[in-house]
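Working notes, beginning with the structure itself.
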Amino acid sequence: MIDPLSPSSSKDHTTFHTLTRERAFRHPPSDRSDVPALDQLVAPHIESFNALLEGGTEDGRGLLAIGIEEVGEKVVFDGKENDGMPWGGKITYRIDKIAIGRPMVPEKDKLSVERRIFPSEARERLTSYRSRLTATIRWRYTGPDGESAEHEEIKDCGMLPIMVRSNRCNLRDLPATELIKRGDESSSFGGYFIVNGNEKIIRYLIVPRRHHPLNIYRPSFAKRGVSYTPYGCQIRCVRPDQSACTNTIHYLSNGGATLRFAWRKVEYMIPLMLILKALVNASDKEVFEGLIQGEYDNTFLTDRVELLLRGQKNWGLYTGTQCLDYLGEKFRVVLNVPEDWSNIQVGGFLLQKVVLVHLPSPRDKFRMLIFMLRKLYSLVSGATCADNPDSPQHHEVLLPGFLYGMIIKERFDDCLLAVKALIQKDLRENKAKDFKNPRYFTSVLSKTNWDIGNKLSYFLATGNLVSPTGLDLQQTSGYTIVAEKLNFYRYLSHFRCIHRGAFFAELKTTTVRKLLPESWGFLCPVHTPDGSPCGLLNHLSHTCKIVTASLDSSQIPALLSAHGMTQVFASTVDGRRMVVVQLDGRIIGWASPAKSKQLANFLRRQKTEGDSRVPLDMEIGYVPVTKGGQYPGLYLFTSRSRMMRPVTYLENGKVDHVGSFEQVYMDIACTPPEIEKGVSTHVELDPTSMLSVIANLTPFSDFNQSPRNMYQCQMGKQSMGTPSTAISKRTDNKMYRLQSGQTPVVRPDLHNHYGFDSFPNGTNAIVAVISYTGYDMEDAMILNKSAHERGFGYGTIYKSEIFDLASAPGSARRSKPTLHFGLGKDVKPEAPWRSFLSEDGLPHLGVKVKYGDPLCGYIDEIKGWTRVHKYKGDEVAYIDEVRLLGSDVGDSELQKVHIKLRIPRAAVIGDKFSSRHGQKGVCSQKYPTEDMPFTESGMQPDVIINPHAFPSRMTIGMFVESLAGKAGALHGIAQDATPFRFSDTDRPVDYFGEQLRMAGYNYYGNEPMYSGITGQEFSADIYIGLVYYQRLRHMVNDKFQVRTTGPVDPLTRQPVKGRKRAGGIRFGEMERDALIAHGTSFLLQDRLMNCSDYSTAWVCRTCGSLITLGFDDVTGDKTGRREYCRICDNTLIEDKIGEDDKKKVGMLVKGLNERKGEMDVVAVPYVFRYLCAEMACMGIKLNLTVT
Amino acid sequence: MSESQQDTRWQSQNPNPMAPRPSTFKAPDVLNYLCADCGAENGIKSGENIRCKECGHRVLYKPRTYRIVQFEAR
């Protein structure tokens, strides 16, 4: 029998590593980062950014360098025709180089010893972490005499925000000790930008897989025009600089096909035949043979190809040059090309820029288009099915760095176009006299806005993409998120979240949100929020990697043809026997299905064995021939941005990386016992590798009902914990901190792996499952008052108060500051302000402030008085830190301070707690310790929860945790709570029960307990154990909303709404219905009238009007006022007096005669009086019947 | 009874008294701030530039007050 005190898996699991951890805290590693596993999790962020500047391609150039090469040369003519040049003198200009520095102190600053700027300074000073971006611009003037002179200028392009810990960050590759020295956490892993003191992340976005044509059936395609059908074949092509362009081939009911692309957000459709001919000057026969591929008896195919070819005849364009000329003529204006280009050149430019942009060679483009059309025909004929665009099989990830690079590239393109526009404007207005003078071009350069850094700052700060081309993306906003440091769980999951796209959030259909089996192992099935983003915002599994390096695939075609692949230029290929072999969207050959399977196996063997010709991260998607299934072929992918994950290859026992495309056709066993001989090729490294980091941290999650695990993923991210280990260096707006955090006794192995002990997130609590006193009804929980007094769940909120004199009232704009921090002579020595603020106008550290107390004081130089900025919070706070923030160069006096307030938040009744199993509850009572139930050994629970929380929710994992925690606490060991470690034959109850038994406790975790009130033993034994409890950030102190009287809306005199303004909670229609139904009319009257906008009004007994009150001051025996109706009274008078006397009306003494316009006082809601007045404005009279 | 006598008597009754404090707190004329980077004390007068005189860093912290701040002494 196995010794129950030493779990079978590993001895390591049983210790808390207290001494190791202690040592690591005191002496962080000086040669590496604290937790290397965390660096792995954010690697795609950082690596994609690094690729912008280095290692973008095999030759080591960065993506930005490739991007500006792609932007190319711009040309302007001065239009002065001469014999040599019909368009006149010419300036060609381009960007030669882009350089990005590291964040440094400006040159102007002579005093700083440390020239580098570190992220902590940007955070503290609430500025951006950025460095200088410069571009070298080269231009050449070519005059009429053919002379030319080249010039060069280095242009400052502003300050570009830099990703922390990237290759342009000063923290790059620094070990833990250095990080701490630079004011960062020992385990800080970067991957974010700092903009205005906020940490911003460009989040992963799902985009269609590049270089794989997708058969799409979409009814909306049919609405695109006459004879359009719902069938299409789409491919997303990516240029070497990672910018994309999507091409779609539409199938037309008249047998034709058009190619659709977008240029500067405008869509164009071109007949496919035109492009096929233009590309390679293809003859009809060539197109026919390519499409038919020997299937001459396939009449479906031949009919359509015939129609396609016949359709082309109507255009009267027979040769490739004619087609190019035609295309060039039509697209010349759209493409904005140099005027001296011929139509053929323009046509070629079009094909190069928009048609299958990943393939440089026209022949490859031609082959691929033919393949796509064949694939499309097979969809139309029903031979293959439409591909699912929502499936992760056809997805890849838009990486932050690549998106950033695309935006930079486009901004540079914009700048160049702006230069052209400015020169052309000057030419039109005849201002460009010295066109050929180099100084003219320089002046134009200085007149255009080159502040690209600012544009990128805007992008990061708002997440809005301002782009003339749209970058082939479906959304214009929502690209960035703030990395909230609420607790470490939340912070970490920001870096692992992956969004489907804002476009899909509005979609009525829920198909995109579905959890598909294709996502197995790549996206966590548990970790998605419930509610509106459910299924759209996913998280990567913790083993999922994203390829960011460019892989060398140059040897693959040769290797494959050496092993029997038919080469691509083979004269005849039999389409019925052969399937395609593609490498990154390029057709490299043909092979029979059997052969291609053989090739796939060969490649897999080679890549796992470490063959340098076959990179490990290559995806080998072998799609077998099926009836009505996916279009067959052997699709190889070595491109970036793909999701890959490690599994064990059974054939040689080595680690293989598997992608989301190939996985669909593979057999990967979850555990070694599940391996089927002859079927399974791979086995998972661990069954938990399909879960995200956060989902993995739910103990025994395999025993819970799955929604509960989803809830825990949400609640773990909302719990008060340890946001940072460098709290004194942080300036977050709001930070939650749990003072008494503990390491959980029951924790999965990954807890140690990812260093979660540095960031405790809750407390171990003794939990009794018992219905006691009734205060634990309906998910309420009873807290032991003594546990609370010992610090259970004690938390703190840190709030930042930023006060900038530059934006304070009375500040002088654009001149020397006239406001200064300090207390002036007008504040007397005994003034109460002095007890909060010192002479410098800043608060004493540690002082207690409440609503209305001063936080800082400043002297207005002009007016000569001292003003204070007051604390506006309702709660008592303590001044924790005061930061004096200097300017960038350090050449200005104090104008901006950051005051950190500490608000203590002990747990109170109404605060929310939860275990790690989606079992949340509200503290309903802090019960005195003497009244709590106790066990035979005298133990009292810290927390009491109700047994009714379990039957419907089925969180058995919590029971197991309770059991394991109890045993762990008794033996002083940590318990491994990794899911899928137990089975029906090896039950956790037995394992932990045995441990309990050995400690002298009940095997099943029940114990006899005694009532704390009567001292009698309960008739049932109580399940009591140890559960890790999280305190959630939702606290009553932030939520309670009560009022008796308070502010009212000036217009309606009804109570205002909103907690912030001390408003009330609306007593709405449904509540009103309830009161009516109960017949409680007095209560109804009280709520809706007396406690709301009760008012009294005069109403005329005769006409019933509310708005016709008139009154006189009456003197005499009855002193006072006399009210009358101005309508009824007037009519009376008018009846009485003649026309002549009408003028005297005002002088008539009223009230002498008996009159009709008698007024009465009635109680009406004030809004009703308002309604009457509004109605009267429109000429509508409201009458009350007064009885 | 003179003031000094009172003091001695109080001291004899409280053998380990707290250090005598000046009755009124006198704030220093120049306030010292701590550099966020090197930790050096910086006397910054009103209107002076915000930067460490030792290392040139641009963030300074206000040190904790010497006044007694004590709450909830329960």
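Annotation: of all residues in segment A:828-845 being surrounded by 12 or more Cβ atoms within 10 Å (Cβ to Cβ) and away from chain B (no Cβ under 13 Å), the one that is farthest from residue A:869 (Cα to Cα) is A:831.
Going through (1) surrounded by fewer than 22 Cβ atoms within 10 Å (Cβ to Cβ); (2) part of a strand (DSSP E or B) one by one, residue A:887 falls short only on (2). When segment A:109-148 is examined, which residues are found to be touching a Lys or Arg at 6+ places or on another chain (Cβ under 7 Å), away from every other protein chain (no Cβ under 14 Å) and not β-branched (Val, Ile, Thr)? Within segment A:109-148, A:131, A:135, A:138, A:141, A:143, A:148 meet the criteria.
Table: residues versus (1) without any contact (Cβ under 8 Å) to a residue 40 or more places away in the chain; (2) part of a loop (DSSP other than H, G, I, E, B).
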{"site": "A:621", "(1), (2)": "no, no"}
{"site": "A:639", "(1), (2)": "no, yes"}
{"site": "A:648", "(1), (2)": "yes, no"}
{"site": "A:689", "(1), (2)": "no, no"}
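Where strands (runs of 3 or more DSSP E) sit wholly within segment A:478-597, those with at least 1 residues that are out of contact with any helix residue (DSSP H, G or I) (no Cβ under 7 Å at 6 or more places or on another chain) and in contact (Cβ under 8 Å) with a residue 40 or more places away in the chain occupy A:480-482, A:497-499, A:537-539, A:579-583.
Please work out which residue is farthest from residue A:370 (Cα to Cα), limiting yourself to segment A:517-548 and to residues that are exposed (fewer than 15 other Cβ atoms within 10 Å of the Cβ) and not charged (D, E, K, R). Here the answer is A:531. Of the residues making up segment A:451-459, at least one is outside any helix (DSSP H, G or I), within 30 Å of residue A:150 (Cα to Cα) and at pLDDT 90 or above. Pairs are defined by a Cβ separation below 7 Å, a sequence spacing of at least 6 or placement on different chains, a first member in segment A:1043-1055 that is closer than 21 Å to residue A:1174 by Cβ, and a second member that is outside any loop (DSSP other than H, G, I, E, B) and of a type in the set (A, V, I, L, M, F, W, C); the pairs so defined are A:1052/A:1167; A:1054/A:1048; A:1054/A:1167; A:1055/A:1048. Number of residues in segment A:213-228 that are buried (at least 18 other Cβ atoms within 10 Å of the Cβ) and in contact (Cβ under 8 Å) with a residue 60 or more places away in the chain equals 4. Being part of a helix (DSSP H, G or I) and surrounded by fewer than 21 Cβ atoms within 10 Å (Cβ to Cβ) holds for only one residue in A:306, A:295, and it is A:306. Determine whether residue A:786 is farther than 30 Å from residue A:920 by Cα and out of contact with any Asp or Glu (no Cβ under 7 Å at 6 or more places or on another chain). Answer is no for this residue.
Consider segment A:446-469 and keep the residues that are in contact with a strand residue (DSSP E or B) (Cβ under 6 Å, 6 or more places away or on another chain) and over 20 Å from residue A:95 (Cα atoms). The one that is surrounded by the most Cβ atoms within 10 Å (Cβ to Cβ) is A:460. Contact map, segment A:72-98: first residue surrounded by 14 or more Cβ atoms within 10 Å (Cβ to Cβ), second residue in a loop (DSSP other than H, G, I, E, B) and among the aromatic types (Phe, Trp, Tyr), Cβ cut-off under 6 Å, separation 6 or more or different chains; pairs are A:77/A:87; A:78/A:435; A:89/A:435.
When segment A:162-215 is filtered for residues that are in a strand (DSSP E or B) and either of a type in the set (Gly, Ala, Ser) or under 26 Å from residue B:61 (Cβ atoms) (or both), the ones remaining, listed by number, are A:193, A:194, A:195, A:198, A:199, A:200.
Of the candidates A:188, A:128, the single residue that is small (Gly, Ala, Ser) and in contact with a strand residue (DSSP E or B) (Cβ under 7 Å, 6 or more places away or on another chain) is A:128.
Residues checked against (1) modelled with pLDDT of 90 or more; (2) at the interface with another protein chain (Cβ under 9 Å from one of its Cβ atoms):
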| site | (1), (2) |
| --- | --- |
| B:25 | no, no |
| B:29 | no, yes |
| B:35 | yes, no |
| B:38 | no, yes |
| B:52 | no, yes |
| B:62 | yes, yes |
| B:65 | no, yes |
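Of the residues making up segment A:884-895, not a single one is at pLDDT 90 or above, touching a Pro at 6+ places or on another chain (Cβ under 9 Å), hydroxyl-bearing (Ser, Thr, Tyr) and closer than 26 Å to residue A:806 by Cα. Is it the case, given these coordinates, that residue A:823 is within 14 Å of another protein chain (Cβ to nearest Cβ), crowded, with 18+ Cβ neighbours inside 10 Å and either without any contact (Cβ under 8 Å) to a residue 24 or more places away in the chain or in a loop (DSSP other than H, G, I, E, B) (or both)? Considered against the rule, which asks whether it is within 14 Å of another protein chain (Cβ to nearest Cβ), crowded, with 18+ Cβ neighbours inside 10 Å and either without any contact (Cβ under 8 Å) to a residue 24 or more places away in the chain or in a loop (DSSP other than H, G, I, E, B) (or both), residue A:823 comes out as yes. Considered as a group, the residues in segment A:870-880 that are surrounded by 21 or more Cβ atoms within 10 Å (Cβ to Cβ) and in a strand (DSSP E or B) include one that is nearest to the other protein chains (Cβ to nearest Cβ), and that residue is A:879.
Residues considered: A:346, A:355, A:337. Of these, the only one that is hydrophobic (A, V, I, L, M, F, W, C), crowded, with 21+ Cβ neighbours inside 10 Å and farther than 30 Å from residue A:629 by Cα is A:346. Please verify whether residue A:370 is among the β-branched types (Val, Ile, Thr), part of a helix (DSSP H, G or I), in the same structural domain as residue A:257 (by the TED database) and buried (at least 20 other Cβ atoms within 10 Å of the Cβ), treating the condition exactly as stated. Yes, satisfied. From the list A:743, A:731, A:725, the one residue that fits, being in contact with a helix residue (DSSP H, G or I) (Cβ under 7 Å, 6 or more places away or on another chain) and under 21 Å from residue A:907 (Cβ atoms), is A:743.
Suppose the filter is exposed (fewer than 13 other Cβ atoms within 10 Å of the Cβ) and assigned to a loop (DSSP other than H, G, I, E, B); does residue A:1045 pass it? So residue A:1045 fits the description; yes. Looking across segment A:1095-1113, just one residue is out of contact with any strand residue (DSSP E or B) (no Cβ under 8 Å at 6 or more places or on another chain) and not small (Gly, Ala, Ser), and that is A:1107.
The values are calculated or read from the model by the stated rules, or taken from the named source; none is laboratory data. Please read these numbers as outputs of a predicted model, since none were measured by experiment. Here the Cβ is made from the backbone with ideal geometry for all residues, glycine too, and neighbour counts use every protein chain on show.
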